[in-house]
1. For segment 170-317, list log₁₀ I(q)/I(0) at each q in 0.17 Å⁻¹, using the Debye formula over Cα point scatterers of equal strength and ignoring solvent, two decimals each.
2. Separation between the residue 145 and residue 39 pseudo-spin-labels, each 7 Å from Cα along Cα→Cβ, expressed in nm?
3. In whole Å and largest first, what semi-axes does the C-alpha gyration tensor of segment 134-225 yield when each eigenvalue is scaled by 5 and square-rooted?
4. So, with +1 on the Cβ of K and R and -1 on the Cβ of D and E, and no other charges, what is the size of the charge dipole of the chain about its Cα centre, to the nearest 20 debye?
5. Go through 253, 359, 375 and say which Cα lies farthest out towards the positive end of the charge dipole of the chain; charges sit on Cβ, +1 for Lys and Arg, -1 for Asp and Glu.
6. Just the number please: accessible area per residue for the chain, 1.4 Å probe, all protein chains included, in Å².
7. Could you pull the Rg and Dmax for the chain, using just the Cα atoms, both in Å?
8. If the chain between residue 87 and residue 283 were fully stretched, how many nm would it gain, using 0.36 nm times the residue separation less the Cα-Cα distance?
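The values are calculated or read from the model by the stated rules, or taken from the named source; none is laboratory data. On a predicted model such as this, the values are computed, not experimentally measured, just so you know. We place every Cβ from the backbone using ideal geometry, glycine too, and count neighbours over all the protein chains shown. Accessible surface areas use protein heavy atoms only, side chains included; no ligands, DNA or RNA. Shrake-Rupley method; radii C 1.70, N 1.55, O 1.52, S 1.80 Å.
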Amino acid sequence: MDQIVQDILSDRVRVSGGITAMTLTGDGRLRWTDGPQRSLTLEKQVLGFVVEGNKIRIRAVVDGRDEICCGGSAGSVVRKDFVFEPLSEDSKRLWCEKLRDFIDSFGRPKRLYIFVNPFGGKKIASKIFLDDVKPLLEDANIQFTVQETTQQLHAKEIVKGLDLSKYDGIVCVSGDGILVEVVNGLLEREDWNDAIKVPLGVVPAGTGNGMIKSLLDLVGEPCKASNAILAVIRGHKRLLDVATILQGKTRFHSVLMLAWGLVADIDIESEKYRWMGSARIDFYALQRILYLRQYNGRVSFVPAPGFENHGEPSTYSEQNICNPIPSQQQPIKILQHGYQGPDVDLKNLEWRIINGPFVAVWLHNVPWGSENTMAAPDAKFSDGYLDLIIIKVCPKLALLSLLSNLNKGGHVKSPYVAYLKVKAFILEPGALTQEPNREGIIDCDGEVLARGKGTYQCDQKSLMSYDKLQITVDQGLATLFSPV
């Protein structure tokens, strides 16, 4: 039997010069009887409202497909105002009270701290904020503080000292890099256990945008700034796993991915062709396939249930993880305090091992690595596992076909790909099989984590040495603003 929805308020009001009946229903719909648009859903469409004399102006968004003449397009949203006039002062007061109470019941954020990275991607983050983000926040009556980042790790340093009690969330108008800085900054605080609970939002304005693409893809929405900030405004949240990478006394917290081999080489070394724009990735990928590299090394992992048939049985060893072998390049020294990683008894877990050589090793926390790369189609935000993709021996034509399917996740179906879920992981990277004096690059969340001998820009300092490192996962440690 269907439950009867009680109306919260019903009254006659003036709309477009005529008198009509208007109702606020118990399930959050605002209905009236005259005009082309005769209802609005408070949760999804209504951002806020303002009183203008005797009138109430509803600030809303509508589907762009219904507003083509107003600049809308498929998959987009369009701002639109709806104005009505209650017929008495008491009626106006009552409408304002009921509308405000219903909107407040959604638990939407009221104060946000916003990072804008003007240097990321196409360097249009400031324009995206002014054109797409700010107007919607103002419509929703959300107060915000804006901080442009000026250098790498700027956001991290600010977050470490930010008075979080003043804000209901932190939003990054950038690529994935600023989000990673914010997470690491929160986890280096003395009050990290409370700090990491602050909801985090992302608006796509960088090169990769893998996190917000993964979030918006959950509901089939395009990766656009307006959709991203609406997910923040509506206030829905979901938990996010955080991976802790350990080498010696150095820790780094990852939320997106780690790559070694082909993927890392393409991502980092293609920077030398940045003048080509986004085409540099495809160009350099083809070059790397034609002159394919293989790396010696090994990976150890604790498989999720159902993936125990991958690799051979092994045991856990702390050797060289807590005290890595000194390398030619000394890593950046990091002060250690705050969150130290999940408390896991690694010695008593069932470990497996796979020996090289490898073409590529790729770990992913969420499905999309960028807007056009569905690296791990089965990845979940808070299942407590990382998705592991391994490519060992692979013919060049098959590899080319495999990479061409990255935009749909079809590569994981290739017989040359091992795809599994892991709870913990150890990488022991080695040198090139063809050139024993040359090593590789370890890429984490779009930045270089470690550079080996003879690599691109190997003279630059990195956070860790090109040596054995360990990764563990803390299930649902962080919180994201999400469309659902």
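1. At q = 0.17 Å⁻¹ the computed log10 ratios are -1.22.
2. Simple spin-label model gives 4.2 nm for this pair.
3. 22, 16, 13
4. 720
5. Of the candidates, 359 comes out farthest on the positive side.
6. Using a 1.4 Å probe on heavy atoms only, each residue of the chain averages 45 Å².
7. Rg and Dmax of the chain, Cα atoms, are 25.5, 84 Å.
8. 64.0 nm
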